[in-house]
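Nothing in this text is a laboratory measurement; each read-out follows from the coordinates by a stated rule. Source: prediction; values computed, not measured. Note that each Cβ is placed from the backbone with ideal geometry, even for glycine, and that neighbours are counted across all protein chains shown.
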Amino acid sequence: MGAGEVPGEGGRAARAGGGVTGAREVRAQGAEISAPALGMILFIASEVMFFAGLFGAYFTIRGGATGWPPAGTAELEIWIPAAATVLLMVSSVTMHAAAEAAGHGRDAATARWLLITIALGALFLGGQAFEYSQLDFTVSDHSYGTLFYSMTGFHALHVFAGLVMLGLVWIKTSRGHLSHGRSGPVVAAGLYWHFVDVVWILLFATLYLLR
């Protein structure tokens, strides 16, 4: 032990240094997910339960029906929803590209990919509105119509909400408010958009393929 050295002081300093390092590591690990993204994950969890209830009602009523769809109901055209499915899947890719660009601080690329995603989502809603105009049944005709319009309609509302969200994020990005290190809103919007994409794929398989 050197002159003037207090016993145990070096150990305490080492432990203190280790504590600081540990705290930094915790903060670094916590920074892996932003507050907006965490909030969106919790919100999506509640929405999963909502759509699970709709799917549960659909399969319960369908299982107890003597014929599905009811007799006299024209078969659904598949090409419109199939095209809509492709649009949403491509929009999920462009949304991912926007989130990646935001994570690297490329504001111009982020804004561009967001705008493409918004356009694809708007086309999806346009296609769904066109399909509604071609159907020969309404929401009040029978339980099949009620479930069909309820499930696709609620999903359309979620898509519309997603477009509003993406529009707000696009405005912030275009104005430079989401610089490098502040990509949380883009990531959160992306999580929501991927969620509505997955829900639609399940709806497409349930309503159009499982006839």
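Compute the Cα gyration tensor for segment 43-190, then decide on rounded, prolate or oblate, letting a ≥ b ≥ c be the square roots of its eigenvalues: rounded whenever a/c is under 1.5, prolate when a/b is larger than b/c in the other cases, and oblate in all that remain.
Details: a/c = 3.33, a/b = 2.25, b/c = 1.48.
Taking the square roots of the gyration eigenvalues as a ≥ b ≥ c, segment 43-190 is prolate.
When the Karplus curve 6.51 cos²θ - 1.76 cosθ + 1.60 is applied with θ = phi - 60°, which whole-Hz ³J(HN,Hα) does each residue of segment 120-136 get, with x for Gly and Pro?
Result, ordered by residue: 5, x, 5, 5, 4, 5, x, x, 5, 4, 5, 4, 4, 5, 9, 6, 9 Hz.
Ordered by residue, what ³J(HN,Hα) values in Hz, to whole numbers, does segment 83-91 give under the Karplus form 6.51 cos²θ - 1.76 cosθ + 1.60, where θ = phi - 60° and Gly and Pro are x?
5, 5, 5, 4, 4, 5, 5, 5, 5
Which of the peptides 104-112, 186-194, 116-124, 62-70 is most tightly packed, and how do the rest follow, judged by the mean count of other Cβ atoms within 10 Å per residue?
Values: 104-112: 16.9, 186-194: 23.1, 116-124: 20.2, 62-70: 12.1.
Ranking, from highest mean packing down: 186-194, 116-124, 104-112, 62-70.
Relative to the Cα centre, what is the charge dipole magnitude of segment 34-209, using +1 at the beta carbon of each Lys and Arg, -1 at the beta carbon of each Asp and Glu, and rounding to the nearest 20 debye?
Numbers: 6 positive and 9 negative charges, 144 e Å.
Magnitude of the dipole: close to 700 debye.
Taking the Cβ of Leu76 as the centre, find all other residues whose Cβ is under 9 Å away and add up their charges (Lys, Arg: +1; Asp, Glu: -1). Please report the intermediate quantities before stating the final value.
Details: positive: Arg211; negative: Glu75, Glu77, Glu131.
Local charge sum for Leu76: -2.
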